[in-house]
Amino acid sequence: MGTEKYDGMELYKYEAVIDNIDLPVGPNIPGRYSNTRNVSVDPVTGAIVKGAEHQVRTLADGSTALDTTLTFNDAAVRYQAKQAKDGRSQITMLTVILPLILLVVGIAALVGAFLLLRNDDHHGAHAARAAEAPEPTRV
């Protein structure tokens with residue numbers, strides 16, 4: 001349905017419509033039901049940041065039994081936006097920052113292992129040469 005900006009985030013807007021279907025209003029009370037639900041979702045975390053729903057319930061004779069609109073209040077929207085931002089930070093940490101840190105640690109470990117092996121080879125070759133050299137004679 002589109003996008004909207006909220007608190008620095010681009011949210012995807014969705015709308016779902018149920019239009020005038022047969023649905024009992026209560027036990028043995030025939031009626032009809034309509035509902036339009038709008039949500040704004042953070043595409044990174046999937047958190048629903050904003051939402052509104054308009055429901056209409058009518059009796060069989062067409063008279064209105066219920067006509068109400070439910071929406072997220074400002075506190076709920078702020079809370080959901082904070083949840084989405086926190087989730088984005090965690091996703092960035094797990095998918096970008098942590099792999100980079102582990103890459104650097106891995107490279108450092110490989111360099112350290114190479115230097116240790118090189119140093120061992122150098123000492124091993126020196127020890128082999130010393131073993132091959134004739135022992136000095138004592139007088």
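Any read-out appearing in this document is the output of simple, stated calculations on the displayed coordinates, not a laboratory observation. Predicted, not measured: the structure shown is a model, and the values here were computed from it. With ideal geometry, Cβ positions are generated from the backbone for all residues, glycine too; neighbour counts draw on all protein chains shown.
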Cα long-axis angle, helix 74-92 against the chain (0 to 90 degrees, to the nearest 10): 30
Mean separation of Cα contacts under 8 Å (6+ apart) over length of region 2-90, as relative contact order %: 22
Neighbour-count order for Ser63, Ser34, fewest beta carbons within 10 angstrom listed first: Ser63, Ser34
Proxy reagent accessibility, fewest Cβ within 10 Å first, across Met9, Met93: Met93, Met9
Chain lengthening between Tyr14 and Met1 when straightened (0.36 nm per residue, less Cα-Cα): 4.1 nm
Centroid-to-centroid separation of region 78-106 and region 32-61 [C-alpha atoms, Å]: 31
With Cα atoms, 0 to 90° folded angle of helix 98-132 axis to the chain main axis: 10
Alpha-carbon radius of gyration plus Dmax, which is the widest Cα pair, for region 2-90 in Å: 16.8, 53
Fully extended contour minus Cα-Cα distance, from Leu110 to Val96, at 0.36 nm per residue: 2.9 nm
Ranked list, fewest to most other Cβ atoms within 10 Å of each Cβ, for Thr64, Thr36: Thr64, Thr36
